[in-house]
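Each value in this text was obtained by applying a stated rule to the coordinates, not by laboratory testing. Quantities reported herein were computed from a predicted structural model and do not represent experimental measurements. Note that each Cβ is placed from the backbone with ideal geometry, even for glycine, and that neighbours are counted across all protein chains shown.
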Ligand code: ADP
């Protein structure tokens, strides 16, 4: 099972990614979490991405692509995975396609977690108070929203054209949304 989950910042991707991945018995691989861990550890990668993340911009594709390729090559990812936060622009889609093509693999589905824009900012500001993430300040949130609109939203059409998109409403309780995703994926994939 090879799945993507896409959605705007604050759509609840990370929370739902863990639940879906657990359901299918595959690792949930989050580029945001990997980068945050790198920053926390003070590694060279962390030094490289810290300021970029704090500004809400995207980490350069070469860096992100390499981190993802390395992670997907690890043994626990051999039987499948759920990617959360990658790909995030069309160039990353092309890189992932090439990577999968070289291995004779393909994506099974792309979950789009759909949440109206006006709810997203509120959710992120609330999360800022609870988790204290460095990129959950109001200015950075606005920038991340713009980056999502400009760079990531075009993926929706691209995956729809490939008939991979599974669109799920992301408004409601976490459990409710989780069940909605599970039902939509089961209907699509038969498992
Ligand atoms: P959110 O979806 O709430 O913005 P993420 O945890 O997915 O949060 O990402 C946090 C930050 O990590 C992004 O704003 C960006 O700087 C960096 N990042 C994560 N994934 C990618 C990616 N695929 N390409 C480039 N940068 C990324």
For this session: Multiply the residue separation of residue 22 and residue 76 by 0.36 nm, subtract the distance between their alpha-carbon atoms, and state the gained length in nm to one decimal.
Result: 18.1 nm
For this session: Please build a GNM for the chain, connecting alpha carbons under 10 Å apart, and tell me which residue among 172, 80, 56 fluctuates the most.
Result: 172
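Using the Cα gyration tensor of the range 2-79, with a ≥ b ≥ c the square roots of its eigenvalues, what is the shape: rounded (a/c below 1.5), prolate (a/b larger than b/c) or oblate (neither)? Display every interim value, and only then the final one.
Numbers: a/c = 2.08, a/b = 1.39, b/c = 1.49.
It is oblate, given that a/c is not under 1.5 and a/b is not larger than b/c.
For the range 41-191, just say rounded, prolate or oblate: build the C-alpha gyration tensor, square-root its eigenvalues into a ≥ b ≥ c, call rounded for a/c under 1.5, and beyond that prolate if a/b exceeds b/c, oblate if not. Before the final figure, lay out each step's value.
Values: a/c = 1.68, a/b = 1.10, b/c = 1.52.
It is oblate, given that a/c is not under 1.5 and a/b is not larger than b/c.
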Exercise. What is the spin-label model distance, in nm, from residue 15 to residue 91 if the labels are put 7 Å beyond Cα along the C-beta direction?
Worked result: 3.3
For this session: Subtract the Cα-Cα distance of residue 99 and residue 125 from 0.36 nm times their separation in residues, and report this length gain in nm to one decimal.
Result: 5.7 nm
Problem set entry | Computed E for residue 176/residue 142 - FRET, C-beta separation, R0 35 angstrom, nearest 0.05 | 0.80
Seminar exercise, completed: Connecting every pair of Cα atoms under 10 Å apart in the chain and solving the GNM, the largest mean-square fluctuation among 82, 125, 155 falls on 125
Problem set entry | Candidates 13, 50, 126, ranked by Gaussian network fluctuation over the chain, Cα under 10 Å, top entry | 126
Exercise. Taking square-rooted eigenvalues a ≥ b ≥ c of the alpha carbon gyration tensor, is the range 136-191 rounded, prolate or oblate, where a/c under 1.5 means rounded and, failing that, a/b exceeding b/c means prolate?
Worked result: oblate
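Over the chain, what relative contact order in percent results from Cα pairs under 8 Å that are six or more residues apart? Walk me through the intermediate numbers first.
Values: 248 pairs, mean separation 62.7, N = 191.
Relative contact order for the chain comes out at 33 percent.
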Problem set entry | Separation between Cα centres of the range 30-49 and the range 146-164, rounded to whole Å | 26
